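Here's the structure we're looking at; comments come further down.
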Amino acid sequence: MKNDLSWMLDSALEIPGALHAVLVSADGLLMARTKDLRRDSADTVAAAMSGVQSLSRSLGFFVDGEHMQWRQTLVEFDGGWVFLISAGEGAYLAVSAAPDIDMADITFRMQQLVGQLGKELATPSREDIGHHHP
């Protein structure tokens, strides 16, 4: 099992207006969540975000007729936003935000976080270090 990455997600909430964040596997499993988001809510969000990224990826041809690389999905609600980006191989970062969020700030913070998460996800957890498989 990987290290608990929840503490890293909390840094996204330093942007004024950021509400919650989850790290999701491509198959819809919750990998990490910010501390203020209940586990059952985070599991629901994880499953939904997996579907959202899958649908978003399938629409690349709609941009110019060619298959384009998916980068980000932004969903607007009357009370705020949901941002979804790739967080490395088979992982996605989703952040919910208030309607007045500075989009440049939150997007930049999410990209920074993805860089940090990539390093953590690529590093074996302490319990895996030293264990060799025959």
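The values are calculated or read from the model by the stated rules, or taken from the named source; none is laboratory data. All of these numbers come straight from a predicted model, not from anything done at the bench. Positions of Cβ are generated from backbone atoms using ideal geometry, with glycine treated the same way; all protein chains shown enter the neighbour counts. Note: areas computed on protein heavy atoms with side chains; ligands, DNA, RNA excluded. Shrake-Rupley method; radii C 1.70, N 1.55, O 1.52, S 1.80 Å.
At an R0 of 25 angstrom, the distance between the Cβ atoms of SER11 and SER58 translates into a FRET efficiency of 0.20. Only helices enter this figure: runs of n ≥ 4 DSSP H residues, each worth -39500 (n - 2.57), summed and divided by the residues of the chain, yield -11000 deg cm²/dmol at 222 nm to the nearest 500.
Entry note, the chain: relative contact order of 28 percent, from Cα contacts under 8 Å with a spacing of 6+ residues.
Scalar couplings 3J(HN,Hα) for the range 62-67, obtained by applying the Karplus form with A = 6.51, B = -1.76, C = 1.60 to θ = phi - 60°, are 5, 6, 8, x, 10, 6 Hz; x denotes Gly and Pro. Solvent-accessible area assigned to carbon and sulfur over the chain amounts to 57 percent, based on a 1.4 Å probe. Converting the Cα gyration tensor eigenvalues of the chain into ellipsoid dimensions via √(5λ) gives semi-axes, longest first, of 25, 20, 14 Å.
The heavy atoms of SER54 offer some 70 square angstrom of accessible surface to a 1.4 angstrom probe.
Tilt of helix 103-122 relative to the longest C-alpha principal axis of the chain, in degrees (0 to 90, nearest 10)? Helix 103-122 and the main axis of the chain meet at about 20 degrees. Sorted on the mean count of surrounding Cβ atoms within 10 Å across their residues, most packed first, peptides 97-103, 7-13 read 7-13, 97-103. On a per residue basis, the chain carries 62 Å² of accessible surface, using protein heavy atoms and a 1.4 Å probe.
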